[in-house]
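Single-structure report; data block below.
Readers should treat all values here as calculations from the given coordinates under stated rules, not as data from a laboratory. All values reported here derive from a predicted model rather than from experimental measurement. Glycine also receives a Cβ, built like all others from the backbone with ideal geometry; neighbour counts cover every protein chain displayed.
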Amino acid sequence: MAEYVDIEQAIRMAGLRVVLPPGIPGPWAEAVKGILYVKKIPFVRVRHDRNNYAPLIRWTAQSSAPVMVYDDERPRSVWSDQLFLAERLQPEPALIPSIIEDRVLMFGLSNELCGETGFGWSRRLMLIHGAGTDPNASEEARRAMLAFGAKYGYSPGAAAAAPAKAAQVVSALAAQLKLQHSRGSRFLIGDTLSALDIYWAVFAALVEPLPESLCPMPAEFRRRYYCGDPLVRAATSPELLAHRDFIYHEYLELPVDL
């Protein structure tokens, strides 16, 4: 496992520090790590203590991870802000297209993956519902999960609507990839790697995680990450999963270092 410092240590440091959940391949966290890996930007990993949010709230005014903090600049906890910071710190290789039409498309599809009510958000509602209604879990565990879900607008109705929304996003990505292949491109946007390729590669774990040999994770997370919902599975083309593998093997760190 990678080395982490605690928040109090990180506050006294300069440079780039990234708050991450140790041992858990959360897609938003893996996206930040993937972007920094591609750009070869050094950073310090800061431990996200999920049992005590107070130090993180004092430092960043919020309780979620990942968070990027560079020198004395404001903390960045939103995926798009994190991407823009990485682009500024290391412009090459650029992960935001220079052509405006490609850029608009990339940010639109990326928001459907990473943004509020998007694919990741919808899958999280599904995970919360599954854990919060699991008859094999303790009453305490179910209550804790449903309390956590309140942060993301969980309700039984929202969870029931989530699979169709998640499938819609995956279908759009499958159509985009098919169009790109017809143009002779191996990438989701244009002819080079973009942030969208990285976002799909890491968020695909919420459909089908990488093998244990490439991404070790707690068995409970692996079980819950795998998506058996028929709508989402039907929308996930073999080509999309193959694209995930292509991006990981050609551009991202393997095995995943948690």
### Message
If you take every DSSP beta bridge fully contained in the stretch 7-89, what fraction is antiparallel? Give it as a percent rounded to 5.
### Response
55 percent
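Loop only per DSSP, at most 15 neighbouring Cβ atoms within 10 Å: give me the GluC sites (Glu not before Pro) in the stretch 216-258, ordered by residue number.
Working: sites: GLU220, GLU239, GLU250, GLU253; in loops: GLU253.
Those satisfying the criteria are GLU253.
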### Query
Magnitude of the Cβ-charge dipole of the stretch 62-138, K/R +1 and D/E -1, about the Cα centre, nearest 20 debye?
240 debye
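Considering Cα pairs under 8 angstrom that are at least six residues apart, work out the relative contact order of the stretch 100-251 and quote it in whole percent. Before the final figure, lay out the partial values.
Numbers: 157 pairs, mean separation 39.7, N = 152.
Taking the mean separation of contacting Cα pairs over the length of the stretch 100-251, I get 26 percent.
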### Message
I'd like the Karplus ³J(HN,Hα) series for the stretch 153-158: coefficients 6.51, -1.76, 1.60, θ = phi - 60°, whole numbers in Hz, and an x wherever there's a Gly or Pro.
### Response
x, 5, 7, x, x, 5
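Report the chymotrypsin sites (Phe, Trp or Tyr not before Pro) located in the stretch 203-235 that are in a DSSP loop and have at most 16 other Cβ atoms inside 10 Å of their Cβ, or state none. Let's see the in-between values first.
Working: sites: PHE203, PHE221, TYR225, TYR226; in loops: TYR226.
The qualifying sites are TYR226.
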### Message
Give me the one-decimal nm value for the distance between modelled label points at ALA61 and SER155, 7 Å along each residue's Cα-to-Cβ direction.
### Response
2.9 nm
### Query
Among SER80, SER98, SER64, whose mean-square fluctuation peaks in a Gaussian network model of the chain (Cα, cutoff 10 Å)?
SER98
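Sort the following peptides by mean Cβ neighbour count (other Cβ atoms within 10 Å, averaged over residues), highest first: 104-115, 178-189, 41-52. Please list the in-between numbers first.
Details: 104-115: 19.6, 178-189: 14.4, 41-52: 16.2.
By packing density, highest mean first, the sequence is 104-115, 41-52, 178-189.
Please figure out what share of the DSSP beta bridges in the chain is antiparallel and state it in percent, rounded to the nearest 5.
Values: 5 of 10 bridges.
Just about 50 percent of them are antiparallel.
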#### Entry: Cut-off under 5 Å, modelled amide H: who pairs with LEU16 long-range
VAL44, ASP71
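How long are the three semi-axes of the equivalent ellipsoid for the stretch 100-251, computed from the Cα gyration tensor as the root of 5 times each eigenvalue, in whole Å, largest first?
Details: eigenvalues 175, 58, 31 Å².
After diagonalising the Cα gyration tensor, the semi-axes are 30, 17, 13 Å.
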### Message
Rounded, prolate or oblate for the chain? Axes are the square roots of the Cα gyration tensor eigenvalues, ordered a ≥ b ≥ c, and the cut-off for rounded is a/c under 1.5.
### Response
oblate
### Amide hydrogen neighbours beyond the local backbone of ARG186, cut-off 5 Å, H modeled
none
### In order through the stretch 108-115: 3J(HN,Hα) via Karplus (6.51 cos²θ - 1.76 cosθ + 1.60), integer Hz, x for Gly, Pro
x, 5, 5, 5, 5, 7, 9, x
